[in-house]
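Trainee: Here it is, the structure, as C-alpha cells.
Any read-out appearing in this document is the output of simple, stated calculations on the displayed coordinates, not a laboratory observation. Being a predicted model, the structure only gives us computed values, none of them experimental. Neighbour counts run over all protein chains shown; Cβ positions are idealised from the backbone, glycine included.
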Amino acid sequence: MVRQTPLMDREDLRLAVYRSFVAGTVPGVERLTVATGASAEEVRRGLAELHRDRHVVLADDGVTIRMAHPFTSVPLGFSVMGAATVWFGGCAWDSFAIPHLLPDEPEVLVATRCPGCGTPHAWVVTATEPPPGDQVAHFLVPTAHIWDDVVHTCGNQRLFCGESCVTEWLDRTGNQRGYVMDIPTLWRLAAHWYDGRLDRGYVRREPAAAAEYFRSVGLHGPFWGL
Ligand SMILES: [Zn+2]
Ligand SMILES: [Zn+2]
C-alpha cells in the first residue's frame, strides 16, 4: 500500500525558512524537510510556490534561497550584527528593518561602505528612534519595477556619505538618479514594512496598501507609485 503524505502546510515551510534565517543560517532543502516533516519533493514544490508568490527569492537552480526579505543569503553591501547573530542585510531598507522585526534584537550594528567613495559607515539601529547620521540612502529602481530583478533592486538600495557621492556614483556607473532620502525617512520606511512576516498567516500588502504605507512615512512621487 502506498502511504499518502499529507500535503505540507505552506505556512509551515515559509516559517521554517524564516526561523532559519533569523537564527543566522541559510535554510537548505534537507534542513527544511527536518523542520516541516515534509518530503524533499514537497519542500521543493513549496519553495517554488513561495518564490512565485514573492515570499522568497530562489536562485536559478530552483532550490537555493537567495532572499527571504529582509534576510538574504547573498552579500548585498551590508552586514547587520546583533547580540548573538550576524546577518547579511539585504539592502539599506532591509538592514534597517531587522531590529523592528526581531524583539530579541532591539539594537543592531548596521555597517556598509559608501558606493561612491568607499568610506565605511556604521549605525546602531534600534526600534525606538532613527540613528543619528547625515548620510543619505539612494534607491535606484522605482517600486513598479522592484520585482523585475529583486536581487539587483536590493543591491542598489545603498547608503552614501551624501548627495555628492550619489552623483559621483551615478556618473561612474551610468545609472539614472532614483530616489534619495535621509536616514530618518529610511528608518520610518523600514520600521513597519515587514510587520507580521514572522507570524503565521502573513499576507503581502496589496499595491494600494503599499502606496499608502509609503505616503505615511513621508515618501512621495511616481518613484513610489504616488
Ligand atoms: Zn562617499
Ligand atoms: Zn532589499
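Trainee: Taking a ≥ b ≥ c as the square roots of the Cα gyration tensor eigenvalues, with a/c under 1.5 meaning rounded and otherwise prolate when a/b beats b/c, else oblate, which class fits region 45-124?
Mentor: Verdict is oblate for region 45-124.
Trainee: Another question, if that's okay. Output ³J(HN,Hα) for region 65-75: one whole-Hz value per residue in order, computed from phi by the Karplus curve 6.51 cos²θ - 1.76 cosθ + 1.60 with θ = phi - 60°, and x for Gly and Pro.
Mentor: Karplus values, whole Hz, x for Gly and Pro: 8, 8, 9, 9, 3, x, 8, 9, 9, 10, x.
Trainee: What does the charge count around ALA84 come to, taking other residues whose C-beta lies under 12 Å from its C-beta (Lys +1, Arg +1, Asp -1, Glu -1)?
Mentor: Cβ neighbours under 12 Å give a net charge of -2.
Trainee: For the chain, modelled as a GNM with alpha-carbon contacts under 10 angstrom, which of ASP61, ASP195, ASP12 fluctuates the most?
Mentor: Sorting by GNM fluctuation, first place goes to ASP61.
Trainee: On a 0 to 90 degree scale, rounded to 10, what angle separates helix 207-216 from the longest Cα axis of the chain?
Mentor: 40 degrees
Trainee: Can you show me the helix-derived [θ] at 222 nm for the chain, built from DSSP H runs with n ≥ 4 at -39,500 (n - 2.57) apiece and divided by the number of residues, rounded to the nearest 500.
Mentor: Result for the chain: -10500 deg cm²/dmol, rounded to the nearest 500.
Trainee: Ok, one more. If Lys and Arg each add +1 and Asp and Glu each add -1, what is the summed charge of the other residues whose beta carbon sits under 12 Å from the beta carbon of PRO184?
Mentor: -2
Trainee: Which far-off residues, 5 or more places away or on another chain, put their amide H under 5 Å from the one on MET67, with H placed in the peptide plane?
Mentor: VAL57, SER73
Trainee: Another question, if that's okay. At q = 0.07, 0.12, 0.18 Å⁻¹, what log₁₀ I(q)/I(0) does the chain have when each alpha carbon counts as one equal point scatterer in the Debye sum?
Mentor: -0.23, -0.66, -1.38
Trainee: How big is the gap, in Å, between the Cα center of region 183-226 and the Cα center of region 1-70?
Mentor: 25 Å
Trainee: Next up: Can you tell me the orientation of helix 163-173 relative to the chain, as the angle in degrees between its alpha-carbon axis and the longest Cα principal axis, to the nearest 10?
Mentor: Helix 163-173 sits at roughly 60 degrees to that axis.
Trainee: A further question on this structure: Taking the chain as the reference, fit the longest principal axis to its C-alpha atoms, fit the long axis of helix 183-193 to the helix C-alpha atoms, and give the angle between the two in degrees, 0 to 90, nearest 10.
Mentor: Tilt relative to the chain: about 20 degrees.
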